[in-house]
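Scroll down for the structure; my scribbles are underneath it.
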Amino acid sequence: RCGSGKTGLADLMGQLLPCRVVHMDDFYLPMAERAADWMSQPAGNMDLTRFEREVLRPAQRGETIVTRPFDCQTGSLGAAMTLPPRPLTVVEGSYSQHPLLRDAYALTIFVTCPPDEQLRRLERREGAGVQGFRERWIPMEERYHRYAGLPEQSMMQVDTAGLFDA
C-alpha cells in the first residue's frame, strides 16, 4: 500500500543485499498513451509491457538492465539508467504483483500498514498533496488489490505499523 514503507524496505534491502532495486513508479504510462478509462482499469496507469521487456526478462537471464525511468515532472521518459547484473533484483511498487507479472518472481511480499497510519505517513510525506491520495490513488490502489487478489496472493505479508517512523 502507498505509505506502507515499500520504498524504505527496498532501500534497506539494497544496502544489505547484493541486489539491484527497481521501482515500479519508473514505469508509469505517459498520459497520451493511457486509455480514456485508465483510472478504472487495474494498473491502467502502468506500462507493464515496458517493465517486462526492460526489467523482468533481462533480470531472469542474469543480464544488465537498461531502462528509462518515467519522469513525473515532465510526463516523459528520462535518461537511460543501467543496472549491472546482480544475484537478486528487488522490484518495489504497488503494481509490481500484477497477475501478468507475478510468475516472474521467486518471492512476493505485500507491505501494509493500518489505514490511519497510512494517512498519517502520507500527510507527512505529501503535505497538501495528501488529498489526491485520499480521493484518487488510495481508491485506485485498493481496486487493484482486489483485482490482483492481494494480499492473499503474496507469499509474505509485512505490517510496518510502528516502523519507519521517527
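What number comes out for accessible area per residue over region 9-146 if the probe is 1.4 Å? Units Å², please.
Each residue of region 9-146 exposes 54 Å² on average to a 1.4 Å probe.
Among 153, 60, 118, which one shows the biggest mean-square fluctuation in a GNM of the chain, springs joining Cα atoms closer than 10 Å?
60
Please report the spacing between the Cα centers of region 122-147 and region 1-67 in Å, no decimals.
18 Å
Ignoring ligands, DNA and RNA, what percent of the 1.4 Å accessible area of the chain is carbon and sulfur?
Summing carbon and sulfur atoms, their accessible area is 54 percent of the total for the chain.
Could you list the GluC sites (Glu not before Pro) in region 48-96 that lie in coil according to DSSP, counting only those with at most 15 other Cβ atoms within 10 Å of their Cβ?
Those satisfying the criteria are 63.
Counting pairs of alpha carbon atoms under 8 Å apart in space and at least six apart in sequence, what relative contact order in percent does the chain give?
Relative contact order here is 31 percent.
Tell me which label goes with the value of log10 I(q)/I(0) by the Debye sum over Cα atoms at q = 0.11, 0.12, 0.18 Å⁻¹ computed from the coordinates here: (1) -0.57, -0.66, -1.16; (2) -0.46, -0.55, -1.33; (3) -0.47, -0.54, -1.11.
Identified label for the calculated read-out: (2).
The values are calculated or read from the model by the stated rules, or taken from the named source; none is laboratory data. As the structure is a prediction and not an experimental result, all values here were calculated from the model. Virtual Cβ from ideal backbone geometry, glycine too; neighbours counted across all protein chains shown. Just the protein is used for accessible areas: all its heavy atoms, side chains included, with ligands, DNA and RNA removed. Shrake-Rupley method; radii C 1.70, N 1.55, O 1.52, S 1.80 Å.
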